[in-house]
Amino acid sequence: MAGHSTRSSLEVAELTDPAALLDHARALEPLGWYAERRTALTRLQDLLAADAVAPAPDGRDWRLELMAERAVDATRERALGGRALVDQVLKEADGLCELALGRALLAGGQQLAWEGTDTATAQARREFLEAAKIFAALGHRDWQGSALLRCGYSAHYQYGDLVGAEELIGRALQAYESGERRDAALTYYSDVLIDLGEFDRAEQILAEAAVIAERRDDRRSIPEIIWGQGRVAAGRGDPRATERLLREAERAAVDAEWFETHVGGFFLLEAAELLDRVGLTQEAQRFFERATAPARAHARDWDESVMQTRAMLLARSGDPLEALEALQEIVRDDWLEKRLVWRQTLMTSWATFRAGREGAGSLAAGALHESAMAGGGGTRVARAACLWMSYWSGSSPRRRRRPRGCGCGRSSAVCARSPARSWSEMATACGWCPLGSTPVSSWPSPTGSAAPVAHALSSSPTQAWHSAPDRCCPTILTPSGRGKRAT
C-alpha cells in the first residue's frame, strides 16, 4: 500500500533487532497482512529461543511483547487458548512492561466483545478503555485511537448501543494522528451513522474517505468505501444506485486481499440483503448463491452469517413458514449481534403475518421498543411496518377507538411496550396517534427519509412491505464485514 514502509521476507529474515521486528509486525496488523506479520513474529521467536538478542531496555520485555502480539492474533482468529494467553501476559506484564500490558488488554477486549454476553461486553469495554489509557500515557496515539475504535465498534455498535458507538468512534478519530489509520476508521464511523439513519452525514464521511483513498491510490480501501455508499443508497430506497454501487464495489475488490477471505463472503451476503430490500429479489438470490457456493462445494455446514441472511431473505420474499423456522433457529443460538435483535423480531413479525398466524402485532411492537433501546435508528422501519400491516389487514382506522393509555404525549418507545389489540391500535402505538381516529386519506404524510411510506400505502399494498418500510430505515441487516477483522 502506498505510504507504508514494508520489508521483504528476505529483509525480515536478516533482522536481529527485536524492536524493529515488533514495530514491523505491528505496522502490518491494521493492513491485514497477517502472513507477513506471522513471519516477523516467528523470526523474533526464533531469536529469543536461540538467546541471540540483546537485553531489552527498561520498560520493555521482548518475550512479553511477543506473547502479547500472539494474543492479538489468537483472539482475532478466535483460536483456542487466546484468552489464556491474554491472561498470562496481564499477570506477568503488570508493572513490568506497559506496552505488552496495553496490547494484551486490546486483544482481551476483542475476545470478550465477540463473546457478546452482557458480562463479557462490560468487561471488554473496561479492557479497551484501560488499553486506550495506557497507550495515551505512552504517547502511542494511533494505538489509543485503535483501542477507542474497537471499543466503540465491537463493544458498543455490535452490542446495540449506537449512541455510545458514535461517541467513542468520534473520540478515536480525534485521537488518531492524521494518516491512513485514521482514514480507515472513517468507514467504521459511517457504519454507525448509517445504522442511526444519518444518511447525509454518512455520505459526507464516505466522500471524505474516498477523496483520501484516491489521492493515496489506496486500492484496498476504495471497494470498502463504495460498499458503504451502497448501504446508504439502500437505506434511501434507491434500487438502481444500490445495485450499481454494489457491483462497482465488487469489481474494485477483485484484486483485494480481503475479498478472498471471510470478509468477501460477508460482502456478498450483505449485498444479497440490500438488493432484496430494494426489491431486486433475483439479483439478491444470485449474490446469495455465490456467497454460499464454497460451503456447498466442500459440503460444509453454513455459518451463522449465511443462516442469518437466508432467514432475512425468506422472511421478506420467501416461504413464511420456512422463514419462521430459520428465524427460530437463530434465536436458539447465542451469536446474534444485539444491534440486530430488533430486526430479527420485526422480520419474525412479518413472517408471522404472512403465514396468517397470531401474534404479529405484539412482535412488531417489541421490535419498535428494541430499536428505540438501541438508539432509535430502526424506529422508522418498525413504524412503517406497523402502518403497512394496519393498511393491509383491512381494518378501518375510522372505526377503531384509540387504545387507552396509548396516544399523544407519550413516546413511541413507551407506547410500544404494551401489545396492541388491533392493527390500527398498533399504528397508534407506533407513535402515529392520528391514525386512531382519522380515515386513511387523512393519515399524516411522512417527511424526509420516511416519505416513501405515504406513496406505498396509498398506491400498492404489495409493494409497501418490499419498499416503504425498508426505504425509510437504516441498513441494519448483517454483521458488518469490517467488524470481523482487526481495526
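Remarks
- Mean Cα-pair separation over length for region 70-197, i.e. relative contact order, pairs under 8 Å, 6 or more apart, %: 18
- Here the residues CYS151, CYS97, ranked from fewest to most Cβ neighbours within 10 Å of their Cβ, fall in the order CYS97, CYS151.
- Summary value for region 183-306: 18 percent relative contact order, contacts being C-alpha pairs under 8 angstrom separated by 6+ residues.
- Residue order, fewest to most beta carbons within 10 Å, for TYR34, TYR157: TYR34, TYR157
- Rel. contact order, % - alpha carbon contacts under 8 angstrom, at least six apart, region 244-294: 28
- Inter-centroid distance (Cα atoms) of region 166-193 relative to region 246-267, Å: 22
- The order of ARG343, ARG354, ARG251, ARG103, going from fewest to most other C-beta atoms within 10 Å of their C-beta, is ARG251, ARG354, ARG343, ARG103.
Each reported figure results from applying straightforward, stated rules to the coordinates on display, with no laboratory input. Keep in mind that what you see is a predicted model, and the values were worked out from it rather than measured. FYI the Cβ positions are ideal-geometry reconstructions off the backbone, even for glycines, and counts take in every protein chain you see.
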